[in-house]
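Bear in mind that the values in this text are calculations on the coordinates, not laboratory data. Not measured: the values here are computed from a predicted model. All Cβ positions, even for glycine, are placed from backbone atoms using ideal geometry, and neighbour counts span all protein chains on display.
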Amino acid sequence: GENVEQHPSTLSVQEGDSAVIKCTYSDSASNYFPWYKQELGKGPQLIIDIRSNVGEKKDQRIAVTLNKTAKHFSLHITETQPEDSAVYFCAALYSGGGADGLTFGKGTHLIIQP
Amino acid sequence: NAGVTQTPKFRILKIGQSMTLQCAQDMNHNYMYWYRQDPGMGLKLIYYSVGAGITDKGEVPNGYNVSRSTTEDFPLRLELAAPSQTSVYFCASSYSRGWEETQYFGPGTRLLVL
């Protein structure tokens, strides 16, 4: 099955700086890579996703890049704000779907320092 | 729309007890999912359903059962609670196109088995 590694586990940045979270996946057949944000006491919420036929996708201050050859993808947050503080999860979907569905990374706790 | 709702928010069980975690969605989504989230870990899929009357196992189904008698409801049953089932449980749903659709998560149920 798919295995997703996520780094770092904790990331502290100054407000206004950029934050980068990296994930690697093991199955080259995976073709869909969403990113979820989880605020304290809430369920995860999709913030951006990318498909394997695209190398980069941007939505305002958030961008995701995908390197299929190296099997890694990254989340970039620019001009960080206090409300960006949360736990972020990457995930990968094996193209065959089936019982496993999305495989999630262990999460990154992003802390925005004022 | 209320989105995805889960009850209860928190529960303490004794070893060997049983309980049902309730999940409902009012978005007319065909796909529904149950995940568990252990501390410092990503989400792991327990069971999923692609429509009323159809359920299938995910990555970690042992010790759990589900049913899907209506489009709206997808309860998760624990028959003989064990300490290993201490976790936060999230229910999610998505539109009928399946795995690449955005999954909308409920607020979670925190379960403690003692």
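Of the beta bridges DSSP finds with both residues in chain B, what % are antiparallel, to the nearest 5?
Details: 32 of 36 bridges.
Antiparallel bridges make up about 90 percent of those DSSP assigns within chain B.
So how do B:Lys44, A:Lys57 line up by other beta-carbon neighbours within 10 Å, fewest first? Write out the running numbers ahead of the final one.
Working: B:Lys44 18, A:Lys57 15.
Exposure proxy ranking, most exposed first: A:Lys57, B:Lys44.
Let me confirm one metric for peptide A:34-42, namely the mean number of other chain beta-carbon atoms within 10 Å of its residues' beta-carbons. Provide the component values of the computation, followed by the final result.
Working: counts 4, 0, 5, 0, 5, 0, 0, 5, 5.
Across the residues of A:34-42, the mean count of other-chain Cβ atoms within 10 Å is 3.
Sort all Cα-Cα distances of chain A into consecutive 5 angstrom bins from zero, then give the percent of pairs in each bin up to the one containing the longest distance.
With 5 Å bins starting at 0, P(r) equals 2, 13, 24, 24, 19, 11, 5, 2, 0.
Using the Cβ atoms and a cut-off under 9 Å, what net charge is assigned to the surroundings of B:Ser49, where Lys and Arg are +1 and Asp and Glu are -1? Working shown, then result.
Values: positive: B:Arg68; negative: B:Asp56.
Local net charge: 0.
Sum up the charges of everything whose Cβ sits under 10 Å from the Cβ of A:Thr65, counting Lys and Arg as +1 and Asp and Glu as -1, but leave A:Thr65 out. Before the final figure, lay out the partial values.
Numbers: positive: A:Lys22, A:Lys57, A:Lys58; negative: A:Glu56.
Every neighbour counted, the sum reads +2.
Within the set of other residues whose C-beta is less than 12 Å from the C-beta of B:Val4, count the net charge using Lys and Arg as +1 and Asp and Glu as -1.
Neighbour charge sum, excluding B:Val4 itself: -2.
Which value results for Rg/Rh of chain B when Rg is the Cα radius of gyration and Rh the Kirkwood radius based on the inverse mean 1/r? Working shown, then result.
Numbers: Rg = 13.2 Å, Rh = 13.9 Å.
Rg/Rh: 0.95.
How big is the protein assembly as shown by Rg and Dmax over its Cα atoms, in Å?
Cα only, the protein assembly as shown: 17.5, 51 Å (Rg, Dmax).
Select from B:Thr55, B:Thr102, B:Thr71 the residue whose mean-square fluctuation is largest in a Gaussian network model of chain B (Cα-Cα springs shorter than 10 Å).
B:Thr102
What ranking of A:Leu75, B:Leu78 emerges when the number of other C-beta atoms within 10 Å of each C-beta is taken as an exposure proxy, fewest first?
Arranged by neighbour count, lowest to highest, A:Leu75, B:Leu78 become B:Leu78, A:Leu75.
By counting other Cβ atoms within 10 Å of each Cβ, how are B:Ser84, A:Ser85 ranked from fewest to most?
Numbers: B:Ser84 10, A:Ser85 18.
Ordered from fewest to most neighbouring Cβ atoms within 10 Å, B:Ser84, A:Ser85 come out as B:Ser84, A:Ser85.
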